[in-house]
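Trainee: Quick one: the structure is below, and I'll ask about it shortly.
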Amino acid sequence: MGGGSAGRGVPAGDGAGLVAEILREAASEAGRLRASGVVSAEFERELDSRFESAAVRALRVPAIAERSVRARSVARRVVPARARPAARRIARAGDRVLRAAFARIDVARRRP
Amino acid sequence: MSSPVRIDQVIPAIVEHDAVSNHTFEAQRLLRGMGFASEIYARIVGPGCEGRVHPIEELPRRAEEGEWLLYQCSIGSPAADVFAARPGTKLLDYHNITPAHLVERWIPPLGDETRLGRAQLAALAPFVSFALADSAFNESELTTAGYARTRVVPVLVEGGNIEAVPSPEAVSRLERAKAEGGSDWLFVGQVAPHKAQHDLVKAFAAYRRAYDPRARLHVVGREMGSAYIDALRRFVLDVGLGSSVEITGSVPVGDLAAYFATADVFVCVSDHEGFCAPVVEAMHREVPVVAYATAALPETVGDGGVLLPEKSPALVAAAVHGLLSVPGRREALVAAGARQAARYTLDAARSAFRSAIEEAVARA
C-alpha cells in the first residue's frame, strides 16, 4: 500500500470526523485517478462492458438448457421412433454450428 | 384479544447459515424463555433444520384462545396465505423484501416471489396487530404498507457466529498469502445480484490498478441461483483477476471467523440491504467497514464506518486506500465500528425483542 499522509490527522475517538475526512480525500483522489487516466472513465466503462458480456454468456446457459428441454419434449411427440437416431445426429450437428457461431461472435465483440 | 399462552412462528423457508433463519431460532428460544409455548412452522425446511421445525402442513388450522402467530416475512410465499387464514392474534416480523427489479433478470421466478411478497405485506397489514422490523428503514416500509403499530428490533444474530473461533488451518492459509504482501478485502453475504459483488470486483480492479497490485478479494457466502455466480466467475477471469479474487461459497463458521480475522477491510457495495448482519459482525470482529450508503446501510453502519454517496470504482478504491494507507486511521475506524456494533449486541437485540413482545401483549 502506498500513499503519503502528510498533513492528515486521525481525530481521536471521533468516527464521524474521521469518516468525513476520508470521504473528502476520497472524492478528490477519485477525481485525480480519473484525470490522470489511472482509473479513467473509459476503464470503468470497459469493466461495465466486460461484466455485461459475462452476464449475457452466463444467462445464455440456462436459457439454452430450458429451450433444449422444451425442444426435446416436442421432438419426442412429433418425431417417429425410427427417425430419432437421424434426428439426434442432425440436432448435434446444428448444435456444433451454433456453438462455433456464438464463440466467433464473442471473440469479435471483445476485439478492440 | 386475550393474552397469549403460545406464540408459534411461520416462515416461508428455513435453512442453516441464514440470518433470518437464525433470527427465527433465537426468537423461539426467547419466546420460550418468556413462558410461551413456541414452535416453528416452515413451508420449506432445509437440510440440518429437520426435527427443530415443523412442515407448515402440521400447523393447526384452528386457533384456541391465546394461541398467537408470528410471521417472519422476507419473501412472497404461500406460507403467508396459511398465516392469514389462521384465526387468532397475528404478529409480523419484517426483514425486508428485495425489490424485484434487482433480481428478476437473473432469477425470474424470484422476481415474481419478491413482487408477491410486497403485495402480501400490504394485504396482511389489516390483520396484523403488531409488527417488528429489524431496522428503521424496514419500519418505514411497514408504515407505508399500512402497519399502524410497529417497533424496531435488530436481527437476533446467533452468538455462535460472533463467538466462533477462527479455524487455525484457514488462518494459516490466509496469512501465508498475506505474507506475500497486499491487503485483504472481504465481503460476506449471499452471492446475489442485489449484493452487487460485480461492482465490488470493479472497485477491487481499480484499487489493484491504482494502489495495490498484490491485493486480494474474498467473496464469502452461498450463491443465490447459478447464473449470477457464473457471470461473476466469468467476469473475474475475463478481467485477469482469477488468482486474486476468491469466491468461496458457503463456509464453516470457523473459516468465516478466519476471513474476518485476516481481513484488512470489509467492503460492501450492495444495492439493497434490509439490515446487513455481516457489517455488524465485521465491526464486532474489528474489521473496518467501507459501504455504499443505500437502503438500511446508513443506519446499520452509522458513524462506525465509511459511507460512500456513490460506488464508482475510483471512489471506492480511493476510500479504501485513504483508510488503509494513513497510519492510525484503520485503528481509529475499528474503534468507531466497535462503538457502533455495541448497539447491536445479541443481548441488546434480545432485550428489544422481549420488550416488543411485552408491548404487543399489553396492547392485546
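The values are calculated or read from the model by the stated rules, or taken from the named source; none is laboratory data. Computed from a prediction, not measured in an experiment: that's the story for all the values here. Cβ coordinates were reconstructed from backbone atoms using ideal geometry, including for glycine residues, and neighbour counts include every protein chain displayed. We work out accessible area using only protein heavy atoms, side chains counted, and drop any ligands, DNA or RNA first. Shrake-Rupley method; radii C 1.70, N 1.55, O 1.52, S 1.80 Å.
Trainee: Go through the range B:227-239 and give me each residue that's part of a helix (DSSP H, G or I) and at pLDDT 95 or above.
Mentor: Result: B:Tyr228, B:Ile229, B:Asp230, B:Ala231, B:Leu232, B:Arg233, B:Arg234, B:Phe235, B:Val236, B:Leu237, B:Asp238.
Trainee: Go through B:Phe275, B:Phe266 for me and flag whichever is assigned to a loop (DSSP other than H, G, I, E, B), under 22 Å from B:Pro154 (Cβ atoms) and either in contact (Cβ under 8 Å) with a residue 60 or more places away in the chain or in contact with a strand residue (DSSP E or B) (Cβ under 7 Å, 6 or more places away or on another chain) (or both).
Mentor: Answer to the selection: B:Phe275.
Trainee: Let me ask something else about it. Does the range B:57-94 hold any residues that are under 21 Å from B:Ala349 (Cβ atoms) and open to solvent by 20 Å² or more (accessible area, probe 1.4 Å), and which are they?
Mentor: Once the filter is applied, which keeps residues that are under 21 Å from B:Ala349 (Cβ atoms) and open to solvent by 20 Å² or more (accessible area, probe 1.4 Å), the range B:57-94 yields only B:Ser74.
Trainee: On to the next question. Within the range B:280-287, is there a residue that is away from every other protein chain (no Cβ under 13 Å), part of a loop (DSSP other than H, G, I, E, B) and surrounded by fewer than 20 Cβ atoms within 10 Å (Cβ to Cβ)?
Mentor: The answer is yes, given that some residue of the range B:280-287 is away from every other protein chain (no Cβ under 13 Å), part of a loop (DSSP other than H, G, I, E, B) and surrounded by fewer than 20 Cβ atoms within 10 Å (Cβ to Cβ).
Trainee: Restricting to the range B:306-364, what's the tally of residues that are within 29 Å of A:Ala35 (Cα to Cα), more than 7 Å from chain A (Cβ to nearest Cβ), in a helix (DSSP H, G or I) and open to solvent by less than 30 Å² (accessible area, probe 1.4 Å)?
Mentor: 2
Trainee: Looking at B:His17, B:His54, which is the one that is in a strand (DSSP E or B), open to solvent by 40 Å² or more (accessible area, probe 1.4 Å) and not assigned by TED's automatic domain parsing to the domain that holds B:Ser250?
Mentor: After ruling out the rest, the residue left standing is B:His54.
Trainee: Within the range B:21-47, how many residues turn out to be open to solvent by 10 Å² or more (accessible area, probe 1.4 Å) and of a type in the set (Val, Ile, Thr)?
Mentor: Of the residues in that region, 2 qualify.
Trainee: Still on this structure, please answer the following. Does any residue in the range B:216-241 that is farther than 15 Å from B:Ala196 by Cβ and more than 9 Å from chain A (Cβ to nearest Cβ) come within less than 8 Å, Cβ to Cβ, of a residue that is open to solvent by 40 Å² or more (accessible area, probe 1.4 Å) and in a loop (DSSP other than H, G, I, E, B) six or more places away or on a different chain, and which pairs are these?
Mentor: B:Arg222/B:His17; B:Arg222/B:Gln190; B:Arg222/B:Ser250
Trainee: If you take the residues of the range A:10-38 that are assigned to a loop (DSSP other than H, G, I, E, B) and surrounded by 13 or more Cβ atoms within 10 Å (Cβ to Cβ), which of them is modelled with the highest pLDDT?
Mentor: A:Val38
Trainee: Moving on. Filtering the range B:263-278 down to residues that are over 18 Å from B:His17 (Cβ atoms) and open to solvent by 10 Å² or more (accessible area, probe 1.4 Å), which residue is nearest to the chain's Cα centre (by Cα)?
Mentor: Among them, the one singled out is B:His272.
Trainee: Yes or no: B:Gly189 on the phi > 0 side of the Ramachandran plot, touching a helix residue (DSSP H, G or I) at 6+ places or on another chain (Cβ under 8 Å) and open to solvent by less than 30 Å² (accessible area, probe 1.4 Å)?
Mentor: Taking the combined requirement at face value, the residue satisfies it.
Trainee: Working carefully through the options B:Ala100, B:Ala133, B:Ala125, find the one that is in contact with a Phe, Trp or Tyr (Cβ under 9 Å, 6 or more places away or on another chain), without any contact (Cβ under 8 Å) to a residue 24 or more places away in the chain, over 13 Å from B:Gly225 (Cβ atoms) and open to solvent by less than 30 Å² (accessible area, probe 1.4 Å).
Mentor: B:Ala125
Trainee: Still on this structure, please answer the following. Give me the residue from the range B:206-226 that is part of a helix (DSSP H, G or I) and open to solvent by 10 Å² or more (accessible area, probe 1.4 Å) and, out of that set, farthest from A:Ala58 (Cα to Cα).
Mentor: Per the criteria, the residue is B:Ala210.
Trainee: What helices (runs of 4 or more DSSP H) lie completely within the range B:121-181 and have 2 or more residues being among the basic types (Lys, Arg)?
Mentor: Hits in the range B:121-181: B:168-179.
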